[in-house]
1. To the nearest 0.05, what FRET efficiency results for Q376 and R206 with a Förster distance of 35 Å applied to their C-beta separation?
2. Short version: what are the Cα gyration tensor semi-axes of region 5-416, square root of 5 times each eigenvalue, largest first, in whole Å?
3. Count the DSSP beta bridges whose two residues both fall in the chain, then state the antiparallel fraction as a percent rounded to the nearest 5.
4. In Å and on Cα atoms, what radius of gyration and Dmax does region 267-417 show?
5. Tell me, how many Å apart are the Cα centres for region 353-404 and for region 41-101?
6. Contact order normalised by length for region 1-86, with contacts defined as Cα pairs under 8 Å and 6 or more residues apart; what percent is it?
7. Go through region 8-18 residue by residue and turn each phi into a ³J(HN,Hα) via Karplus (6.51, -1.76, 1.60, θ = phi - 60°); whole Hz please, and just put x for glycine and proline.
8. Please turn the phi angles of region 388-400 into ³J(HN,Hα) values with the Karplus equation 6.51 cos²θ - 1.76 cosθ + 1.60 (θ = phi - 60°), one per residue in order, whole Hz, x for glycine and proline.
Amino acid sequence: MSDLVEINFDGIVGPSHNYAGLSLGNLAATSHAGDTSYPRAAALQGIAKMRSNMALGLAQGFFLPLPRPNGDLIRGLAIDETAPRQLLAAAWSASSMWTANAATVSPAPDTADGRCHLTPANLVTMPHRAQEWQDTQAQLAIAFGDEQHFTVHDAVLPAFGDEGAANHMRFCASHDAAGVEVFVYGKPGGKFPARQHEQASRAVARLHGLDPDLSVFIEQNPAAIEAGAFHNDVVSVANGSVLFTHELAFADQQGAYGAIRAAYPALEIVEVSADAVSLAEAIRSYLFNAQLLSLPSGEMALVVPTECQESASVWNWLEGMLASNGPIRKVIPVDVRQSMANGGGPACLRLRVVADPATVDQRFLLDEEKAARIEQVIAEKWPETINPEQIGSAELEDCVVSARDALLAALDLSELG
Ligand code: SUG
């Protein structure tokens, strides 16, 4: 019997979490620019989501916030009081919380050498995200340092934008079986940036040693990007044999279904029509930015943001889905409002890694005791609020630096300092 299971690694929300409106094309983030943020509440919401998934009997891991403010970026761009305020805010961004953008992960059963391959996302489209990958890679190299089981690559060259697992789906009979990997890219030219480039996706597939017959490349619908779906995981999510998607997710919807089915004949599609839930409402509620999880019972559950309960069309659709006896048997709302206001729902906050937990550095795996320890540091050290004008202040800098240091010490991970 294989010991490979899906482990969800959530990003702990960093103490500098703030709303700076840095992501063009991410409507939640740009519409909340300048709001007061609540870093402590944000981080506790994230831990509560992890606890709720652990209580379902699922394996849970976490990644630590990256060092902020980022002195390398401040020095590298000579950011001073004459520089645009947004560049300073970039150096303070807590954006590494969205670990669906940390890397693309190909589990061992899919790769030529039988190792799990991870490529950190270069995130080149936005400066506040482009600064992440080296520090992310350093963390992945520790968490997945067992070279018999894992290979951690360098990011794809910045010529091609790569945003990681947010544009990657995997279909499989069970997590430990060989799967079909689907890469979704955007074509540039629209009013918002297309953040995932086709050639980056193809490079990742080659670097990971995927079987070309079991790799599928699909174009995202330009209309979806234009409506605010800056990543594919805003309009689709997959698990096992199930693709849960909006009917306007892909440039050629039927062609996409056909291409996935050709590689993975057992595909089950759960499609939401635009008549039932408009693209705009799907993006506002983040219905598809859900965690589609296989429970130990074998049933599938959909972990959705509480915003879905507040949308009549979305909630009606979900109730109808449950009544129809389809493959998704449970809907679990979670409150991640602080992250949602920056365009990060339950799915953005996690990176799925199929691995034997015994091969992962145990310091990155969560249990109840560790969750309580993390909550205590957050409660004591994370700022309660941040107003945009505080970004750059020496006082806030002391606070966020010492908060992160305290968390690293509490988790015996000070080497990440
Ligand atoms: O890259 N928001 C993130 C949200 C990432 C969501 N991830 C996935 N869909 N997987 C982004 O757009 C906003 C930060 C700010 O404006 O302060 C931000 O970076």
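1. That pair, Q376 with R206, gives E of 0.20.
2. Numbers: eigenvalues 183, 110, 98 Å².
They are 30, 23, 22 Å, listed from largest to smallest.
3. Numbers: 26 of 50 bridges.
Bridges in the chain that DSSP calls antiparallel: roughly 50 percent.
4. Every Cα atom of region 267-417 included, Rg and Dmax give 19.5, 56 Å.
5. Rounded to whole Å, the Cα centres lie 9 Å apart.
6. Taking the mean separation of contacting Cα pairs over the length of region 1-86, I get 36 percent.
7. These are the phi-based 3J(HN,Hα) values: 8, 9, 8, x, 6, 5, x, x, 9, 3, 8 Hz.
8. After applying 6.51 cos²θ - 1.76 cosθ + 1.60, I find x, 6, 7, 4, x, 6, 5, 5, 5, 4, 4, 5, 6 Hz.
Bear in mind these aren't lab numbers, they're just calculated from the coordinates by the rules spelled out. Please read these numbers as outputs of a predicted model, since none were measured by experiment. Here the Cβ is made from the backbone with ideal geometry for all residues, glycine too, and neighbour counts use every protein chain on show.
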